[in-house]
Every structure is written in C-alpha cells, then in structure tokens.
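Heads up, the thing below is written out as structure tokens.
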There are 2 protein chains.
Amino acid sequence: MSPVRYALLSLLAREPLTGYDLAQLLNARIAPFWPVRYNQIYPELARLEEEGLLKHHAVESTSYRPTKKVYEMTAAGREALREWVLLPVEPTVMRDEFLLKIYNLWLLEPEETIHQLHEQRALHAERAKAYEEHLEEVKIQMGPNTQNHRDPLFASIAVIEAGMTYERQYVVWCDHVLSLLASEVP
Amino acid sequence: MSPVRYALLSLLAREPLTGYDLAQLLNARIAPFWPVRYNQIYPELARLEEEGLLKHHAVESTSYRPTKKVYEMTAAGREALREWVLLPVEPTVMRDEFLLKIYNLWLLEPEETIHQLHEQRALHAERAKAYEEHLEEVKIQMGPNTQNHRDPLFASIAVIEAGMTYERQYVVWCDHVLSLLASEVP
DNA sequence: AAGTCCATGTAACCAGTTACATGATTGC
DNA sequence: GCAATCATGTAACTGGTTACATGGACTT
C-alpha cells in the first residue's frame, strides 16, 4: 500500500490528532519526511478507520468551526504499523531536479551556474538551520535521558539528524562545485 | 511539464541515443538521477519530436531485431533544455521510506532496529562504492583537463560527486544511530 | 477590505507503475 | 532448456497534484 497511510499511522502512534493536525505536522519544514495534502489525508483516514486501524471521536470546538474528528490508533493499527516497519526497504533513489539541471551545466555560462548554485546553497543552508533549531528543541524537551530508545523522541532525534546531515552535506557539495568553477579560467 | 522529458533531453544533448539506450542510462546504478520506464520513454520521445525538440532516423540493426530509432537533439531542443535549466528550482523534499520507518523505531526491539540499520547501511555503502568507481572512470576518460566546464564530463563529475557524498553521509548516519543504540542499556 | 487560520471534504487530471505483448539470439 | 539482451510499444490502474467548495473569526 501507499506509504501515505504509514506516515499517518506513524504520527498517530504517538498521539491522537485530527486530519488538519496531521497535514501540519507532515508538511512542517522541520520534519518534512512525507509531505501530504489534505485531499489525500481525509479519504485515507476514513479507509484506515474502515479497516479498524484507527478510530475517531468527534470534538465540538468553538461553536462556529466544523466539528473536529480526532483520530487515535487502535491496537490493530499499532500492530500493522510495526509489521510495515519490519519489512525490508529498498533505498529510495533521490530524484533531485537540481542535480538534473547541474548535469547540464556545460550548456551554461559559468556565471549562470554560479548563480544557481548560490541560490540552492542558500535554500539548503536555511533548511539545515531549521533542523538544527528543531533538534535543540527536541533535546531540551527530552531531558537528560537521551539514551532511552523507547522514547518516541529518541526516534525523532535520529530522523532530524538524518535531515540535518543531508542538508549540511548538500551545502558542502554546492561549495565544492563553486570552488571548481572558480578555480578555472586563469 | 514533467521532468522526465528533461531527463531525456539532458542525455540527448550529449549524444544521439535510442529509447532503449536512454532507459539503460537513466536507470544505471551509477547515474540514477531519474529512473524511468520504457512505457514513459517511447511516448515522450514521440511527443518531443512532434514539438520539434528532437528528430530521429531509423537504423536497421542486425536483421532479426526491430529497426532502431536513433533520436538526436535539434537546435530548438537544446534551447528548450537551456531555458529549463535556468528556471529556479525548489529543493526536493527527500521522501525516504526508511526514515519514516526509523521514526517508529521506538516501537521495535533494539535488535530489530539494529538489523534494519545494518541492512540499509550495506545497501548505501554499496552504492557509494559504485559511485566512487564510476567517478574514477569518468576522470580517466576526461584526462588532465578537469577544469573545463564546457566539457559535459565536468558536469557528470559534479553530479556523481553529489550522489557519492549523499551515500557516504547516509552510511555515516547509520553508524551514528547504531552507536546510539549500542551505548544504551547498561 | 483582504488575507490568514482552522477544519473539513469532492472532482478532475496527470504522472508514474505494473502488467501485457512480441521475437530472434546469445550465453549458461 | 531457460534466462537474459536488444528493441519496440499498448492498456489499465493507482497515487499524487491542482483546483474547487464552504465559512466564521481574527489580524493587518
């Protein structure tokens, strides 16, 4: 099945949430491991409930707002998630549009390439910083006991660190290519 | 438009190729920046030709095989590619299924997580090695003049290095999480 | 007065994947 | 005898994106 459902289950395994909350969390810049739109979320939540992996209860919020549906995970849901996690994964090929463009760098004037690289570098540096800040927050939230692998925050930290090192490495790579371009032409 | 067309154009900007060749190159483990299936390629090539970005000439290969269509780029195609390359890009969010699973690590027994991490580490290490080897080949092929940004191989090297550092960083991250898991439990 | 935030959903479209189809040759 | 390689394509399905739809309160 589509990984979207597991993205939803992954968050709901930690705390009950509404569809809206789920979208916020999944698309937040700090933990964007699986961006998802509302229109995918709501039908998927309904399907998951049909299958007995979730259940919801309605919550009347401030009078004028539509009634919220707060979803929470069932035991069956937790088991289904565990099973999926244990399945082996093929590493994803990173389909990076920017790399595809860089592959055509030889068609451009050096200044054009340099401009693109600076732009991309800035974007990734920004993301790296967002990860760093979020990591600090989570570490503070977790307290001194950072070794406890039963704590969901332990897992959060591992994932944030992955994102952070990815973004940092991207910045380093941009700098590397920029230096290659600079060192040429006497 | 879909980036598939630009993946095709990117390769055809360097040399004439058949649909089959294109699939081979795009899916080769060494340069998998945009894996594509045949069924996407053939219709897309036809469309690109209609638009005047490509042209093909038939080549009778060994008698028993279907006649090849060797596509090559037109001036208009090259221009369209250049234009696309110059458009700004949003960095892609990496949708890594494994990270999504690691996010649920707290649901697993440590040995289970460790197993998964070792598996993933091995796959990425293998890929890193493939990139390294490919990089050496391309460097040899390019000769001493590695600074010439007009040489398509200069661009190839930049992209291969991106893939290589990505895979290496992934391995480092796996080791990092493994060390966190090992250091716990007295 | 315009735009954003909460909170839900539906409909239409497009891209990408899986499966199906053909066919002789070369290597194991 | 079986699988892989070259070489092309079509059909059906599915997952994801874009656009549409509603609606009151709060901020600028």
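For this structure, a couple of remarks:
- Qualifying residues in region B:44-60 (those that are open to solvent by less than 60 Å² (accessible area, probe 1.4 Å) and assigned to a helix (DSSP H, G or I)) - the one nearest to A:H115 (Cα to Cα): B:L48
- Scanning region A:74-118 for residues that are within 16 Å of DNA strand D (Cβ to nearest atom), closer than 26 Å to B:V36 by Cβ and at pLDDT 95 or above yields nothing.
- Among residues of region A:97-108 that are among the charged types (D, E, K, R), those with a beta-carbon under 9 Å from a residue that is not in a loop (DSSP other than H, G, I, E, B) at least six positions away or on a different chain give the pairs A:E97/B:P3; A:E97/B:Y6; A:K101/A:Q116; A:K101/B:Y6; A:K101/B:S10; A:K101/B:W84; A:K101/B:V85; A:K101/B:L86.
- Matching option when the condition is open to solvent by less than 50 Å² (accessible area, probe 1.4 Å), out of contact with any Asp or Glu (no Cβ under 9 Å at 6 or more places or on another chain) and closer than 27 Å to B:W106 by Cα, among A:V171, A:V159: A:V159
- In summary, B:L181 fulfils each of the numbered conditions (1) in contact (Cβ under 8 Å) with a residue 12 or more places away in the chain; (2) farther than 26 Å from A:E90 by Cβ; (3) over 21 Å from the mean Cα position of the chain (by Cα) with the single exception of condition (2).
- Count - residues of region A:74-91 that are under 17 Å from A:R14 (Cα atoms), open to solvent by less than 20 Å² (accessible area, probe 1.4 Å) and in a loop (DSSP other than H, G, I, E, B): 0
- Summed over region B:92-109, residues that are outside any helix (DSSP H, G or I), away from DNA strand C (no atom under 16 Å from the Cβ) and crowded, with 16+ Cβ neighbours inside 10 Å total 3.
- Some residue of region A:61-73 being near DNA strand D (Cβ under 10 Å from one of its atoms), among the hydrophobic types (A, V, I, L, M, F, W, C) and either open to solvent by less than 60 Å² (accessible area, probe 1.4 Å) or in contact with a Phe, Trp or Tyr (Cβ under 8 Å, 6 or more places away or on another chain) (or both): no
- Residue list for region A:1-45, filter: farther than 12 Å from A:E72 by Cα and more than 17 Å from the chain's Cα centre (by Cα): A:M1, A:N39, A:Y42, A:P43, A:E44
- Test: residue in region B:7-16 that is touching a strand residue (DSSP E or B) at 6+ places or on another chain (Cβ under 6 Å), assigned to a loop (DSSP other than H, G, I, E, B) and open to solvent by 10 Å² or more (accessible area, probe 1.4 Å): yes
- Check on B:A13, among the small types (G, A, S), away from DNA strand C (no atom under 13 Å from the Cβ) and at the interface with another protein chain (Cβ under 8 Å from one of its Cβ atoms): yes
- Filter result (at the interface with another protein chain (Cβ under 10 Å from one of its Cβ atoms), of a type in the set (D, E) and outside any loop (DSSP other than H, G, I, E, B)) within region B:110-155: B:E112, B:E119, B:E126
- Identity of the residue in region A:26-60, at pLDDT 90 or above and within 11 Å of another protein chain (Cβ to nearest Cβ), that ends up farthest from DNA strand D (Cβ to nearest atom): A:L26
- Subset tally (residues that are away from DNA strand C (no atom under 16 Å from the Cβ) and within 24 Å of the chain's Cα centre (by Cα)) for region B:57-73: 4
- Matching residues in region A:30-53 - criterion: being in contact (Cβ under 8 Å) with a residue 24 or more places away in the chain and within 13 Å of DNA strand C (Cβ to nearest atom): A:V36, A:Q40, A:I41, A:E44, A:L45, A:R47, A:L48
The values are calculated or read from the model by the stated rules, or taken from the named source; none is laboratory data. This structure is a prediction, so every number in the text was calculated from the model and none was measured. Counting neighbours? That spans all protein chains shown, and the Cβs are built from the backbone with ideal geometry, glycine included. Keep in mind that these areas ignore ligands, DNA and RNA; they rest on the heavy atoms of the full protein, side chains included. Shrake-Rupley method; radii C 1.70, N 1.55, O 1.52, S 1.80 Å.
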